[in-house]
Amino acid sequence: MNRFLIIPHVKIHNANALSSPYTIGFPAMTAWLGGAHALQRKLCAGQFNGLAFTRAAVACHSIDLQTYKGRGDYVHSIVGTGNPLDKNGERPSFIEEARCHLSVSLVLEYEGVDQDDADAFLAAVETQLSTLKLAGGDILEFKKPELLKVNGADDLAKLTRKLMPSHVLKERRDLMIEAMQNQGGDIDAVTALLDYLTVRHRSESGEDGQTEWTAKRKKNERKKTGWIVPIATGFHGISALGSAENQRDPDTPHRFAESLVTLGEFVMPYRIKRLDELLWHSHYDAENHFYLIQQHSKEKYHGK
């Protein structure tokens with residue numbers, strides 16, 4: 001029996017769309033599970049000290065990426081914020097921040113709350129959620145949270161119907177593994193990732209002398225069709241645990257890390273047949289120093 005907290009149609013303003021150092025788009029899964037962890041800590045500080053959110057899923061209903069592409073432009077530009085003028089009346093320098101406005105439904109698998117405390121639990125969730133940010137964005141509104149028990153395929157369908165219409169993110173690192181195996185191990189993970197994502201621009205001259213440009217991904221009979229995207233799913237520790245000057249928490253060991261990027265696929269919830277294809281959980285690979293947000297733990301990690 002799996003028990004879930006569903007927070008429907010959370011409207012978020014100015015969420016962080018820089019999902020990794022290399023990609024802009026849907027916020028990273030680390031951001032969503034970080035928000036779930038922040039909510040858990042606030043609830044545990046109250047009357048639900050035994051609460052634990054074990055896994056989470058995010059269903060995206062709509063997203064408005066703050067970019068602009070003018071007539072004749074080849075690429076999109078980030079729409080920046082209007083920062084106040086400095087004392088000389090000039091616009092100060094700033095670092096561009098990719099932002100997006102989106103509407104999502106959160107699905108949090110939980111344990112440690114009795115059925116008798118369900119009403120108090122839902123009331124506490126509403127109160128605490130109003131004080132949080134999600135993926136760096138402001139929560140403008142959300143519909144009334146609800147609890148759901150899932151026990152079997154029929155109940156899973158009941159859960160996915162509550163998320164429609166939307167798209168959920170499914171981990172597809174298996175595509176990278178397959179691409180590397182098909183090449184006999186001659187390509188690395190970065191090449192396998194780019195082989196799925198590279199967009200090739202071609203020009204053709206028509207009979208009227210006009211030039212037409214097309215942009216398509218490389219076609220390959222071995223490749224799966226679908227909404228395949230790069231996703232950030234954690235961090236790779238690149239230094240030993242230690243301390244750093246002026247670190248925020250002097251009692252917690254410090255480590256430098258880099259982002260991990262792999263492949264994911266956006267699918268409609270009704271295509272989900274198993275809970276493992278929907279829910280994400282955190283995992284620490286001590287051998288390789290990977291801090292992962294993942295759906296499956298059997299395959300060896302292949303990312304950048």
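A short reminder: the numbers here are calculations on the coordinates, not readings from a lab. Worth saying up front: this structure is predicted, and the values here are computed from it rather than measured. Note: ideal-geometry Cβ built from the backbone for every residue, glycine included; neighbour counts use all protein chains shown.
Listed values, structure above:
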{"quantity": "Globularity ratio of segment 71-220, using Cα Rg and 2.2 N^0.38 Å", "calculated": "1.65"}
{"quantity": "Cα shape, segment 43-101, gyration tensor, a/c 1.5 rule", "calculated": "oblate"}
{"quantity": "Computed over segment 186-297, Kirkwood Rh from alpha-carbon pairs, angstrom", "calculated": "18.2"}
{"quantity": "Segment 1-130: C-alpha gyration tensor shape, a/c 1.5 cut-off, then a/b vs b/c", "calculated": "prolate"}
{"quantity": "Rough spin-label spacing in nm, given labels placed 7 Å along Cα→Cβ, for residue 199 and residue 257", "calculated": "3.0"}
{"quantity": "Rounded if a/c under 1.5, otherwise prolate or oblate - segment 79-126, Cα gyration tensor axes", "calculated": "prolate"}
{"quantity": "Fraction of alpha-carbon pairs over 18 Å apart in segment 147-229 - percent", "calculated": "64"}
{"quantity": "Structure-based [θ]222 nm, the chain - -39500 (n - 2.57) summed over DSSP H runs of at least 4, per residue, nearest 500", "calculated": "-6000 deg cm²/dmol"}
{"quantity": "Trypsin sites (Lys or Arg not before Pro) restricted to DSSP loop in segment 94-189 with at most 15 other C-beta within 10 Å", "calculated": "143"}
{"quantity": "Where labels lie 7 Å past Cα in the beta-carbon direction, separation of residue 154 and residue 283 in nm", "calculated": "3.2"}
{"quantity": "Simple spin-label estimate for residue 114 and residue 130 in nanometres, 7 Å along Cα-Cβ", "calculated": "2.8"}
{"quantity": "Rg over Rh [alpha-carbon atoms, Kirkwood Rh] for segment 78-165", "calculated": "1.17"}
{"quantity": "Listed pairs 42/133; 69/162; 162/216; 69/133; 144/170; 133/273 exceeding 24 Å between Cα atoms", "calculated": "69/162; 162/216; 69/133; 144/170; 133/273"}
{"quantity": "Highest-fluctuation residue, 39, 241, 260 considered, GNM on the chain with Cα pairs under 10 Å", "calculated": "241"}
